[in-house]
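The values are calculated or read from the model by the stated rules, or taken from the named source; none is laboratory data. Quick caveat: nothing in here was measured; it's all calculated off a predicted structure. In this analysis, Cβ positions are derived from the backbone assuming ideal geometry, glycine residues included, and neighbour counts consider all displayed protein chains. Quick note on the areas: whole protein, heavy atoms, side chains included, nothing else; ligands and nucleic acids left out. Shrake-Rupley method; radii C 1.70, N 1.55, O 1.52, S 1.80 Å.
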Amino acid sequence: MKRATLAALGLATSIAMPAAAEDIKVGLLLPFSGVYAALGNEIEAGFNLALEQFGGETDATFEIVREDTEVKPPVALGKAKKMILQDDVDVIAGIVSSGVLGAVRDMVHGAGVPLIVANAGNDEATGADCSPFITRMSFSNSQVNRPMGMWMHEQGIGKVYTLAPDYAAGRQMIDAFTASFTAAGGEVVGQEFTPFQKTQDFGPYLAQAKASGADAVYVFYAGGEAISFVKQYDSFGLKAELPLYGSGFLTSPLYVNAEGPAAEGVITALHYVPTIDSPANAAFADAFEAANGRVPSEFAVQGYDAARALIEATKTGASDRASLANALRSVKFEGPRGPLSIDPSTNNVIQPIYVYETVAGEDSLTQKVLAQLSAEADPVNGCEMAPVSN
Ligand code: PHB
């Protein structure tokens, strides 16, 4: 029974009574509007699918409270506060933007509410600002981009121009790529950060890239910005002379068909592509497609694995905030991406990274895996993890 219900019944809430496993209130904190709205909807679709598929494995039932972050850190912080103080949630899941994650970090840590991150790659949340209450089932910004620096240099690319939106994720992704590309011997000949959620015309940046003397361009864009960028890159005539690379959100299966032929030949890297050849992925992709009428993206799998992690945590008997936080950090299962576990020193998921090319498939664009790079755990990056006492 929940604390609020006990209080309503006039029972002293200080009596040590374990919360019944069948009553977990989940705050789903996602963008349902703004440039990342499609990502929020996709994460929710994956989350719901896992609840349907695996919910029967636990005695717990899940009540969902959903709120729209609007991709705005102050709005998201207000919504997180409401979930924690008013709705009395046991756990929060979601968060797409690194800026939003940075904004809610102190609130969830201070209140001792477990947060399952289902997208936002903010390196600090599993680095210097790590928390035993924050477990990330998606990726970190550097985890996805670091391997590409080495891989691209191995392919013979010597000079790169970089572009990304000007906020935490854009900067961290480009920094991680730059560090590994230059350590391998490459040179970043120019970089620019474009105003986040405000840039309509990438023309001036593309002109600079063209004039830079680079062999290739490396970018991070996602959602609506990725669609505009990829289309403009192609219509500017750059694709043939300056090959386009990036983190794989650029050509996510979620919106690659909106990019159309402009996305063909773009080479990117991600922790999940729907063409991963494994029985676990085939089962997931079939079920997702049957439920939603489209191929699943990395965002779908992140929502799916976030709900799966929650279910696994409740199977240990955990039901209150502290025990859920501890159980979440220890989950381990075989998902559509392959075997997943949480790095105990950062609480970030450990996973392989796939380099893929977007190619024309039978009736839509698809992802051709060019390389599977080894499982990536982040450096500890200043994280000092303290366990939670139950
Ligand atoms: C982020 O802000 O961390 C972020 C947003 C969208 C993505 C990836 C990362 O596709």
Cβ pairs under 7 Å, 6+ apart or interchain, first in region 336-347 and among the acidic types (Asp, Glu), second not in a loop (DSSP other than H, G, I, E, B), ordered by first then second residue, are 343/350
Could you go through region 349-368 and let me know if any residue there is touching a Cys at 6+ places or on another chain (Cβ under 9 Å) and open to solvent by less than 20 Å² (accessible area, probe 1.4 Å). no
Could you go through region 205-220 and let me know if any residue there is among the polar types (S, T, N, Q) and either modelled with pLDDT under 95 or away from the ligand (no atom under 16 Å from the Cβ) (or both). yes
Taking region 293-342 on its own, how many of its residues are open to solvent by less than 20 Å² (accessible area, probe 1.4 Å), within 25 Å of residue 387 (Cα to Cα) and part of a loop (DSSP other than H, G, I, E, B)? 3
Filter result (at positive phi and within 12 Å of the ligand (Cβ to nearest atom)) within region 95-123: 95
Could you list, in sequence order, all residues of region 41-62 that are among the acidic types (Asp, Glu) and open to solvent by less than 60 Å² (accessible area, probe 1.4 Å)? 42, 44
Filter region 270-296 for residues that are hydroxyl-bearing (Ser, Thr, Tyr) and in contact with a Phe, Trp or Tyr (Cβ under 8 Å, 6 or more places away or on another chain) and give the result. 272, 275
Could you look through region 343-378, keep only residues that are in contact with a helix residue (DSSP H, G or I) (Cβ under 7 Å, 6 or more places away or on another chain) and in a loop (DSSP other than H, G, I, E, B), and pick out the one that is farthest from residue 145 (Cα to Cα)? 364
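Every residue, every condition in (1) within 14 Å of the ligand (Cβ to nearest atom); (2) basic (Lys, Arg); (3) part of a helix (DSSP H, G or I); (4) surrounded by fewer than 21 Cβ atoms within 10 Å (Cβ to Cβ), yes or no:
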residue: 225; (1), (2), (3), (4): yes, no, yes, no
residue: 231; (1), (2), (3), (4): no, yes, yes, yes
residue: 241; (1), (2), (3), (4): no, no, no, yes
residue: 291; (1), (2), (3), (4): no, no, yes, yes
Of the numbered conditions (1) more than 24 Å from residue 252 (Cα to Cα); (2) within 12 Å of the chain's Cα centre (by Cα), residue 119 fails exactly one; give the number of that condition. (1)
Can you tell me which residue among 126, 135, 162 is within 16 Å of the chain's Cα centre (by Cα) and more than 14 Å from the ligand (Cβ to nearest atom)? 135
